[in-house]
There are 2 protein chains.
Amino acid sequence: MAMKNYRQFLFLLVAVVSVGFVSIVFVLQWVLYFKEGLAWDGGLAEFNWHPVLIVTGFIFIQGIAILVYRLPWTWKCSKLMMKFIHAGLNILAFAFAAISLVAVFDFHNAASIPNMYSLHSWLGLTAVILYGLQIALGLCVYLVPIIPESMRAVFMPVHVYSGLLIFTSVIATALMGITEKLIFGLKNPKYKDSPPEATFVNFLGVLIMVFGALVIWIVTCPAWKRPNEQLLSSQPTSGGDATRTMGGTVLSICSTTDWNDPEANCDTRKRNNKPDQSGQRSTV
Amino acid sequence: MAMKNYRQFLFLLVAVVSVGFVSIVFVLQWVLYFKEGLAWDGGLAEFNWHPVLIVTGFIFIQGIAILVYRLPWTWKCSKLMMKFIHAGLNILAFAFAAISLVAVFDFHNAASIPNMYSLHSWLGLTAVILYGLQIALGLCVYLVPIIPESMRAVFMPVHVYSGLLIFTSVIATALMGITEKLIFGLKNPKYKDSPPEATFVNFLGVLIMVFGALVIWIVTCPAWKRPNEQLLSSQPTSGGDATRTMGGTVLSICSTTDWNDPEANCDTRKRNNKPDQSGQRSTV
């Protein structure tokens, strides 16, 4: 199944992955070069796991989890396998976020700094809890076989909206965290004196914003959605029996695929009717 | 033209306007009761215009400007009049944002505090500049009559995406600003000691988040989009001549309305084909 505007998609995908990687390099450079490094000792080096795990897991891995259905190379894989990958990446991101919370609570407790006083902590903890609920609900609705297809279809808009809301909230919360850390962590010179660390970490914040903006652009473009399973299975390359030829080494997973998956309904409306005009997003 | 899920829309509209109003009350209470009040004297009371104008203009008015096409009572008004209202509200929000920047620069200069050193200032100034560009481009593309309809249609996804990106970035930047101000403004007791002001302003941050989340939920629901002009003009209530019966007192504006407006293309695809399943959003 050919993807519309494939070159543009590829360019944006390379951009989003590159910006994500550079963000991870930046956060590592921040804690390893400008700050106290990484350790699990209750001190500042333990706190440093907090930004590293948030940027790597809660932002980068979550962003990739959101995009994973859009990769055209995976359209030959079963929807079920893609659901496992989507869920697996989100669970991994959740684990990163949870450990990052432990690091910051440990550090606060050891240094007798109160927990949960800042807006950053309120929104951050809310985001982690909602993310856990989102994953649990997603697993129940889309991976428990007895759930009726109608319910899956009804729940899909909520699942997508809350997923993107959590993702953008995490980015906003991370930017608040960067602000807090630069104010508290820079004493002489201060943040307002713009030492190299301040400018460097400001750029990290900009990179995180750009990463989020690219993820949202790619994921909201209707032309780049995974086609519904009927369309995929009718392609000549599938050899007439989609469940056998898709996924290669993951054939055992493919065999339980749900080909008439209701989650593809939103796509179906668009793809089976009039074609999109130059892949316009439809949230107008 | 009847709106799908009208009661749900009405409930959410009341909620979003209420949360917006309470946010404005909170920011006024913050500066008038907890802080130094409002004045234009180069001091802290001048700085206080910054959060007040940002919450009132750059967040609340911009949010209403985004939602204005969704109000079903306006569907009888011409698209052109709605464009004027949308543009007018955005220009008003831009003016509030620009004055709020003057307030903070004035305060910084009088107190010899450097400008533009923080991530908050970087992202905030970028958001104001991009917002100005967005308004200028929007005016050129959608209100200059000679612009071809094909160009308007091609530009629409970019206009919508960048509008929502700017809106969410403004909210993220405001949360960073709240964080900065609570850290810098609270000395004895400090922010970490959770004085009443800290908790109160944290709630303001939560309200702003909820406002943004509600705006995005309403605006991305396909069932609540303004129907395309052909559908509206074919309603019995329009009396067969839409340009004459719509808009009442704004009939002179109605006369130049663009009934086959390309901006409605995204709607057209959805509404003229299979009906939406319970108004599902389509950014899946």
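Looking at the square roots a ≥ b ≥ c of the eigenvalues of the Cα gyration tensor of the range B:84-201, which shape do they give, rounded for a/c under 1.5, prolate if a/b is larger than b/c, or oblate? Here the range B:84-201 falls in the prolate category. Across the identical copies, the label point of A:Tyr6 (7 Å from Cα in the Cβ direction) is separated from its matches by 4.8 nm, in order from shortest.
Which residues in the range A:190-218 have a backbone N closer than 12 Å to a point placed 7 Å from the Cα of A:Asn5 along the Cα-to-Cβ line? A:217-218, by backbone N distance to the label point. For the pair B:Val144 and B:Val210, a Förster radius of 41 Å applied to the C-beta separation gives a FRET efficiency near 0.65, rounded to the nearest 0.05.
Remark: accessible surface ordering of A:Lys83, B:Lys181 (largest first) is B:Lys181, A:Lys83, probe radius 1.4 Å. Once C-alpha pairs closer than 8 Å and six or more residues apart are averaged by separation and normalised to the residue number of the range A:1-129, the relative contact order reads 26 percent.
Other protein chain C-beta atoms within 10 Å of residue C-beta, averaged over A:208-215: 2. Peptide B:154-161 shows a mean partner chain C-beta count of 5 within 10 Å per residue C-beta. Average 1/r across all pairs of distinct alpha carbons in the range A:30-89, invert it, and you get the Kirkwood radius: 13.5 Å. Packing around the peptides B:182-191, B:68-77, A:52-61, taken as the average count of other Cβ atoms within 10 Å per residue, puts them in this order, highest first: A:52-61, B:68-77, B:182-191. Under the classification rounded if a/c is under 1.5, otherwise prolate if a/b is larger than b/c and oblate if not, where does the range B:146-195 fall, given a ≥ b ≥ c as square roots of the Cα gyration tensor eigenvalues? In terms of gyration-tensor shape, prolate. Too long at a 25 Å Cα-Cα cut-off: which of A:Lys79/B:Lys225; B:Lys4/B:Lys79; A:Lys76/A:Lys225? In this structure, A:Lys79/B:Lys225 lie more than 25 Å apart at Cα. In this label model, A:Ile129 and A:Phe184 are separated by 2.0 nm, measuring between points 7 Å along each Cα→Cβ vector. Other protein chain C-beta atoms within 10 Å of residue C-beta, averaged over A:178-185: 4. For the range B:1-154, a/c is not less than 1.5, where a ≥ b ≥ c are the root eigenvalues of the C-alpha gyration tensor, and a/b does not top b/c. That puts it in the oblate class.
The values are calculated or read from the model by the stated rules, or taken from the named source; none is laboratory data. Here the structure is a predicted model, which is why all the values come from computation and not from measurement. As a convention, Cβ positions derive from the backbone with ideal geometry for all residues, glycine included, and neighbour counts pool all protein chains shown. For accessibility, only protein heavy atoms count, side chains too; no ligands or nucleic acids. Shrake-Rupley method; radii C 1.70, N 1.55, O 1.52, S 1.80 Å.
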